[in-house]
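Novice: Quick one: the structure is below, and I'll ask about it shortly.
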Amino acid sequence: MPASSEKPKIGHLTFNHQPVLCQEVLNSLNIEPSGIYIDGTFGRGGHSQAVLAQLSAEGRLIAFDQDPEAIAAGQVLAEKDKRFTIIHACFDSLLTHLQQLNLAGNINGILLDLGVSSPQLDNPQRGFSFMQTGDLDMRMNPDAGESVAQWLTHAKAETMTEIFKKYGEERFSKRIANAIVAMREITPIQTTTQLAEIVAKAQPFKEKHKHPATRTFQALRIFINQELAQLENVLPQAIKVLKPKGRLAVISFHSLEDRIVKRFMRDKARGDHYPSKLPITEAMLNRSLQVIGKAITATESEIQQNPRARSAVLRIAERY
């Protein structure tokens with residue numbers, strides 16, 4: 001969920017001012033000033049602040065994030081704006097939390113801005129980027145689960161091969177996995193640049209305009225955070241918490257995410273499957289979503305200001 005470099009400060013924390021596809025997100029949510037909205041990936045609050053600016057005093061925004069640094073930023077915002085609540089949890093616990101708040105079925109709109117945020121990418125010690133040396137971590141919540149460095153100490157070559165191929169669509173996945181196994185027998189793999197160098201040397205051919213470690217790092221990040229599983233878990237929950245005519249807006253940054261979102265929205269818009277010759281009425285189809293428009297991508301102007309917006313794809317659906 002990359003955002004631009006324009007960052008006004010609130011208190012002692014920095015907020016990203018202009019997040020990806022901001023105006024398009026506001027348009028897609030069709031904001032009702034007194035409505036209740038969800039930002040499933042708070043980050044540093046760029047989208048959240050834009051939504052809050054559209055809400056009246058009766059409106060409400062609830063945000064989720066796994067990252068303790070994002071939660072700290074959200075708490076600053078919550079202290080300044082009583083319409084805002086931040087929850088330290090992954091968005092795939094959405095339904096549970098909203099049931100506890102007695103808000104399930106009453107939500108006007110949900111935004112999911114997927115992937116890693118700019119502050120996470122730009123901090124070398126988070127381990128998301130191969131461009132700067134840092135600890136090989138990559139956890140959205142560094143207080144939970146294994147880091148990539150820890151996982152690489154025991155992962156089998158066959159498992160790594162499968163993960164690099166499945167989540168990174170890496171054609172040299174087996175060569176990279178074998179290179180990692182060979183290197184860890186010599187020395188622990190603990191830094192981002194160390195891993196990036198291993199990956200680069202294992203590849204016989206290089207893609208133009210793409211760092212050789214791009215796909216491997218993507219695969220490891222998705223796997224270690226279970227990002228696709230979380231996305232698949234939250235999408236059905238979104239239908240249950242939205243009110244009729246409520247909107248679901250999802251920004252994806254790579255084809256694996258976008259494919260899941262596209263298929264989910266398409267299938268729920270088609271409704272239940274019946275044999276083709278049966279006399280089925282519209283009501284019997286049990287449609288739960290209506291797809292709104294086509295996929296939206298960033299303008300050339302936005303991409304020039306923020307190159308990370310290049311791969312962003314926004315899809316929108318409305319609850320029946």
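The values are calculated or read from the model by the stated rules, or taken from the named source; none is laboratory data. If you're wondering where the values come from, they're calculated on a predicted model, not measured in any experiment. For neighbour counting, all protein chains shown are included, and Cβ atoms are generated from backbone atoms with ideal geometry for every residue, glycine included.
Novice: If I go through the range 78-95 residue by residue, how many of them are touching a Gly at 6+ places or on another chain (Cβ under 8 Å) and part of a loop (DSSP other than H, G, I, E, B)?
Specialist: The number of residues fulfilling the criteria is 1.
Novice: Can you tell me which residue in the range 290-315 is farthest from R259 (Cα to Cα), limited to those that are without any contact (Cβ under 8 Å) to a residue 12 or more places away in the chain and not small (G, A, S)?
Specialist: Ranking the candidates gives Q304 first.
Novice: A further question on this structure: Can you name the residue in the range 1-35 that is among the hydrophobic types (A, V, I, L, M, F, W, C) and either in contact with a Gly (Cβ under 8 Å, 6 or more places away or on another chain) or at pLDDT below 95 (or both) and, of all such residues, is nearest to A317 (Cα to Cα)?
Specialist: Going through the qualifying residues, I end up with L29.
Novice: Next question, about the same structure. Considering the range 173-224 alone, what residues qualify as being among the basic types (K, R), closer than 22 Å to Q125 by Cβ and buried (at least 19 other Cβ atoms within 10 Å of the Cβ)?
Specialist: The one that is among the basic types (K, R), closer than 22 Å to Q125 by Cβ and buried (at least 19 other Cβ atoms within 10 Å of the Cβ): R221.
Novice: In addition: Checking the condition in contact with a Pro (Cβ under 6 Å, 6 or more places away or on another chain) and surrounded by fewer than 22 Cβ atoms within 10 Å (Cβ to Cβ), which residue from S129, S118 passes?
Specialist: S118
Novice: Look through the range 141-172, keep the residues that are under 30 Å from I87 (Cβ atoms), at pLDDT 95 or above and of a type in the set (A, V, I, L, M), and return whichever of them is surrounded by the fewest Cβ atoms within 10 Å (Cβ to Cβ).
Specialist: Looking at residues that are under 30 Å from I87 (Cβ atoms), at pLDDT 95 or above and of a type in the set (A, V, I, L, M), I get A149.
Novice: A further question follows. Test of understanding: among A57, A89, which residue is surrounded by fewer than 18 Cβ atoms within 10 Å (Cβ to Cβ), more than 17 Å from V234 (Cβ to Cβ), of a type in the set (A, V, I, L, M, F, W, C) and modelled with pLDDT of 95 or more?
Specialist: Of A57, A89, the one residue that is surrounded by fewer than 18 Cβ atoms within 10 Å (Cβ to Cβ), more than 17 Å from V234 (Cβ to Cβ), of a type in the set (A, V, I, L, M, F, W, C) and modelled with pLDDT of 95 or more is A57.
Novice: Give the residue, chosen from L152, L121, that is of a type in the set (A, V, I, L, M, F, W, C) and touching a residue at least 60 places away in the same chain (Cβ under 8 Å).
Specialist: Testing whether each residue is of a type in the set (A, V, I, L, M, F, W, C) and touching a residue at least 60 places away in the same chain (Cβ under 8 Å) leaves just L121.
Novice: Mind checking whether some residue in the range 28-46 is touching a Leu at 6+ places or on another chain (Cβ under 6 Å), aliphatic (A, V, I, L, M) and surrounded by 20 or more Cβ atoms within 10 Å (Cβ to Cβ)?
Specialist: No; the residues of the range 28-46 include none that is touching a Leu at 6+ places or on another chain (Cβ under 6 Å), aliphatic (A, V, I, L, M) and surrounded by 20 or more Cβ atoms within 10 Å (Cβ to Cβ).
Novice: It is to be established whether one or more residues within the range 313-320 are modelled with pLDDT of 95 or more, closer than 30 Å to R175 by Cα and in contact with a Gly (Cβ under 8 Å, 6 or more places away or on another chain).
Specialist: No, because not a single residue in the range 313-320 is modelled with pLDDT of 95 or more, closer than 30 Å to R175 by Cα and in contact with a Gly (Cβ under 8 Å, 6 or more places away or on another chain).
Novice: Kindly establish whether H273 is on the phi > 0 side of the Ramachandran plot and part of a loop (DSSP other than H, G, I, E, B).
Specialist: It is false that H273 is on the phi > 0 side of the Ramachandran plot and part of a loop (DSSP other than H, G, I, E, B).
Novice: What helices (runs of 4 or more DSSP H) completely inside the range 112-196 contain at least 1 residues that are in contact with a Leu (Cβ under 7 Å, 6 or more places away or on another chain) and over 23 Å from E232 (Cα atoms)?
Specialist: In the range 112-196, 148-152, 173-184 are the helices (runs of 4 or more DSSP H) which contain 1 or more residues that are in contact with a Leu (Cβ under 7 Å, 6 or more places away or on another chain) and over 23 Å from E232 (Cα atoms).
Novice: Failed condition for E69, given (1) within 23 Å of D258 (Cα to Cα); (2) among the charged types (D, E, K, R); (3) not in a loop (DSSP other than H, G, I, E, B), with all others met?
Specialist: E69 satisfies all of (1) within 23 Å of D258 (Cα to Cα); (2) among the charged types (D, E, K, R); (3) not in a loop (DSSP other than H, G, I, E, B) except (1).
Novice: Of E185, E170, E232, which residue is within 24 Å of S252 (Cα to Cα), free of Cβ contacts under 8 Å to residues at least 40 places away in the same chain and charged (D, E, K, R)?
Specialist: E232
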